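The next block holds one structure in the form of structure tokens; read it before the comments.
The values are calculated or read from the model by the stated rules, or taken from the named source; none is laboratory data. If you're wondering where the values come from, they're calculated on a predicted model, not measured in any experiment. Here the Cβ positions follow ideal geometry from the backbone for every residue, glycine too, while neighbour counts run over all protein chains shown. Note: areas computed on protein heavy atoms with side chains; ligands, DNA, RNA excluded. Shrake-Rupley method; radii C 1.70, N 1.55, O 1.52, S 1.80 Å.
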Amino acid sequence: MERVRMMVTNFITSVAACLLLLFMTRVAPLRAHLGTTPNIKHIVMGRCFNYVTLVKPDSRFDCEEIWRAFEEAVLRQASCDVACEHYRRLFRAMPQTGACHRFLLWSKTRKLTQDYAAVARHLWTLEDTLAGYMFNDLIWCSQQEDSRRPLPATGWRGDQSQGQAVSATSVSDFDFGSCPEWSACLHHPVHSLWRQASKNFAEMACGNVTVLLNGSIEKAFNRNSMFGSVELDGLNPQRVHYVNIKVATNLDGPFIESCGRGSVADLIHILQARGFRWTCSDSDRILTMLQCVHKPEHRACRTCADTHPGI
Ligand SMILES: *[C@@H]1O[C@H](CO)[C@@H](O)[C@H](O)[C@H]1NC(C)=O
Ligand SMILES: *[C@@H]1O[C@H](CO)[C@@H](O)[C@H](O)[C@H]1NC(C)=O
């Protein structure tokens, strides 16, 4: 009797373990579609006040109005239907200009760009604008259309029924459970905001512009990236003196693209055709040294002093 009970218990335990495993593997891919970042309002408002108070104390932005414009853009649309135009009021609330010669654009070099911008303090990236600063690393979307109360069939835009329109739009909230992937939407709320922010950023670029590309991947210059599809077209040859390209590879490689090779050559052709002056470097010492900070023992990081310890 005792033995049978033990066998049954073991059986149940292993079935439970299997189910748990199955459940976990099933759930894992779903987890990839995170919902709206928790506390998003506090984070965005906090970053906004931080920016106007400490980062750029001379700026005059209305953080409350910025939040209202953001909320309006996101919550009035279905979660896959937030186009760049819907953020018009938001971007109108945060006009910005940057000093010339400081613009740094990048593609697939996020970590290195952060390190570079931290060292070359004069450089300005999208993440240093108020929009980039506030929304960096955040996710957001509204609840799916079908979970909302439907709009009244007629007259919801009419004068008499304004009250209804307001109550119908205020039903929606951020979806903290899950958000669609970028690729699943025609107009993804996060993608649209970054598209518009990138466009504005590139359009105000002037003087010398630095572009930091990743030479360790195929297509360092990718026409589908934010740089290739939005920023490059936004640059104005009348305002930009030079586009200075820097191609950085990982210390360990692979060494796939460089100035004359692969998609970087395509970029140079496009720049030339549009009348830009340009330079290109694929052996920038500072970019190598920044990577060496994380891997000081790497042979690419040895200096003369290391190789001749007696001197
Ligand atoms: C290049 O891209 C790869 C893959 O995304 C990344 O792991 C690597 O850090 C990038 N290298 C540089 C120099 O940014
Ligand atoms: C702009 O870039 C060009 C080419 O690299 C360089 O000769 C010039 O000194 C740069 N000007 C400024 C102000 O950085």
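From the list 296, 254, 237, pick out the single residue that is part of a loop (DSSP other than H, G, I, E, B) and touching a Phe, Trp or Tyr at 6+ places or on another chain (Cβ under 6 Å). Testing whether each residue is part of a loop (DSSP other than H, G, I, E, B) and touching a Phe, Trp or Tyr at 6+ places or on another chain (Cβ under 6 Å) leaves just 237.
Of the numbered criteria (1) within 18 Å of the chain's Cα centre (by Cα); (2) more than 16 Å from ligand 2 (Cβ to nearest atom), the one residue 212 fails is (2). Checked against the criteria, residue 47 counts as of a type in the set (D, E, K, R), under 20 Å from the mean Cα position of the chain (by Cα) and not in a loop (DSSP other than H, G, I, E, B). Can we say residue 55 is away from ligand 2 (no atom under 16 Å from the Cβ), surrounded by 18 or more Cβ atoms within 10 Å (Cβ to Cβ) and aliphatic (A, V, I, L, M)? Against the criterion (away from ligand 2 (no atom under 16 Å from the Cβ), surrounded by 18 or more Cβ atoms within 10 Å (Cβ to Cβ) and aliphatic (A, V, I, L, M)), residue 55 does not qualify.
Considering segment 217-229, the residues that are open to solvent by less than 10 Å² (accessible area, probe 1.4 Å) and of a type in the set (Gly, Ala, Ser) include one that is farthest from ligand 1 (Cβ to nearest atom), namely 228. Residue pairs whose Cβ atoms lie under 7 Å apart, separated by 6 or more positions or on different chains, with the first residue in segment 82-105 and not assigned by TED's automatic domain parsing to the domain that holds residue 140 and the second open to solvent by 70 Å² or more (accessible area, probe 1.4 Å), are 102/122.
Mind listing just one residue for me: the one in segment 102-117 that is charged (D, E, K, R) and within 10 Å of ligand 1 (Cβ to nearest atom) and, of those, least open to solvent (accessible area, probe 1.4 Å)?
Within segment 102-117, the subset charged (D, E, K, R) is 102, 108, 110-111, 115.
Pick out the ones that are also within 10 Å of ligand 1 (Cβ to nearest atom) and you get 108, 110-111, 115.
Details: 108: 114, 110: 99, 111: 112, 115: 34 Å².
Selected residue: 115.
Under the condition of being of a type in the set (Ser, Thr, Tyr) and within 14 Å of ligand 1 (Cβ to nearest atom), which residue from segment 237-280 is least open to solvent (accessible area, probe 1.4 Å)? Spell out the reasoning first.
Residues of segment 237-280 of a type in the set (Ser, Thr, Tyr): 242, 249, 258, 263, 279.
If we keep only those that are within 14 Å of ligand 1 (Cβ to nearest atom) as well, we get 249, 258, 263.
Details: 249: 38, 258: 31, 263: 10 Å².
Once the filter is applied, the top-ranked residue is 263.
Tell me, yes or no, whether segment 286-300 has at least one residue that is without any contact (Cβ under 8 Å) to a residue 24 or more places away in the chain, open to solvent by 10 Å² or more (accessible area, probe 1.4 Å) and within 14 Å of ligand 1 (Cβ to nearest atom). Lay out the reasoning, then the answer.
Quick first cut of segment 286-300, residues without any contact (Cβ under 8 Å) to a residue 24 or more places away in the chain only: 289, 294, 296-297, 299.
Among the residues that remain, those that are also open to solvent by 10 Å² or more (accessible area, probe 1.4 Å) are: 289, 294, 296-297, 299.
Checking the rest, the ones that are also within 14 Å of ligand 1 (Cβ to nearest atom) come to 289, 294.
The answer is yes; a qualifying residue exists.
Checked against (1) open to solvent by 20 Å² or more (accessible area, probe 1.4 Å); (2) hydroxyl-bearing (Ser, Thr, Tyr); (3) within 25 Å of the chain's Cα centre (by Cα); (4) more than 18 Å from residue 123 (Cα to Cα), residue 283 meets all criteria but (3). Does segment 46-68 hold any residues that are of a type in the set (Gly, Ala, Ser) and under 19 Å from residue 139 (Cβ atoms), and which are they? Of everything in segment 46-68, just one residue is of a type in the set (Gly, Ala, Ser) and under 19 Å from residue 139 (Cβ atoms), namely 46.
The set of residues in segment 59-82 being open to solvent by less than 20 Å² (accessible area, probe 1.4 Å), more than 17 Å from residue 37 (Cα to Cα) and in a loop (DSSP other than H, G, I, E, B) consists of 82 alone.
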